[in-house]
Amino acid sequence: MQTAKYIIVVDDNPSMLRGIGRLLREHGFASRLFETGSALLRDGGFDSAICLILDVNLSDGSGIELRHRLADQGIDVPVIYITGNDNPATRMVAMASGCVAYLTKPFTANLLIQPIERLMAGRRLAVAGPDHSSMA
């Protein structure tokens, strides 16, 4: 039995959190929503996560630090950072942490959905393996 895949979203702004959850649903993605990094850490359940969408500035710490804590626990899930307070230093640290996207609020739906779709396409290719149909 295959476990359903979902996207984990952590944002301390309840209306932003609900809006992202609604957007993901409209594009066919299940999601798990958390207002704090602590709530996410208590809940766990990363095995079926497609990716994490982490607000950079959470009420209980930094989304970037949260990602480092997860990595220290051996949890390696692709990350999309979102922020309402962009600055070059934070952007550089976020990009250096290996995120798949860094978005400044407000962002368009397409900017959020595109990196998720790229991740999904990459997973489908990895599961299917290389295409040998063109080999003679």
For this session: Report the charge-dipole magnitude of the range 1-87 in Debye, nearest 20, computed about the Cα centre from +1 at each Lys and Arg Cβ and -1 at each Asp and Glu Cβ.
Result: 320
Exercise. Of 112, 28, 85, which is farthest along the charge dipole of the range 6-128 in the positive direction, counting Lys and Arg as +1 and Asp and Glu as -1 at C-beta?
Worked result: 28
Seminar exercise, completed: For the chain (alpha-carbon point model, no solvent) the Debye-based log₁₀ I(q)/I(0) at q = 0.10, 0.11, 0.16, 0.22 Å⁻¹ works out to -0.33, -0.40, -0.81, -1.51
For this session: For residue 60, list long-range residues whose amide hydrogen, built 1.01 Å from N in the peptide plane, is under 5 Å from its own amide hydrogen.
Result: 37
Exercise. Please state the relative contact order of the chain as a whole percent: Cα pairs under 8 Å, 6+ residues apart?
Worked result: 20
Exercise. Can you give the extra length, in nm with one decimal, that the chain gains between residue 16 and residue 73 once fully stretched, where that is 0.36 nm per residue apart less the Cα-Cα distance?
Worked result: 17.7 nm
Seminar exercise, completed: Membrane-span-like helices (DSSP H runs, Cα span along own axis at least 15 Å, mean Kyte-Doolittle at least -1.0) in the chain -> 14-26, 109-128
Seminar exercise, completed: Listed by chain and number, the residues whose amide H is under 5 Å from that of residue 50, excluding neighbours fewer than 5 places away on the same chain and using placed H, are 6, 7, 8
For this session: Take the chain, connect every pair of alpha-carbon atoms lying under 10 Å apart with a spring to form a Gaussian network, then pick out the residue of 116, 75, 64 with the largest mean-square fluctuation.
Result: 75
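Taken together, the values in this text are just the output of simple stated rules run on the coordinates, not laboratory data. Small disclaimer: the values here were computed from a predicted structure and weren't measured. Here Cβ is always computed from backbone atoms with ideal geometry, including for glycine, and neighbour counts include all displayed protein chains.
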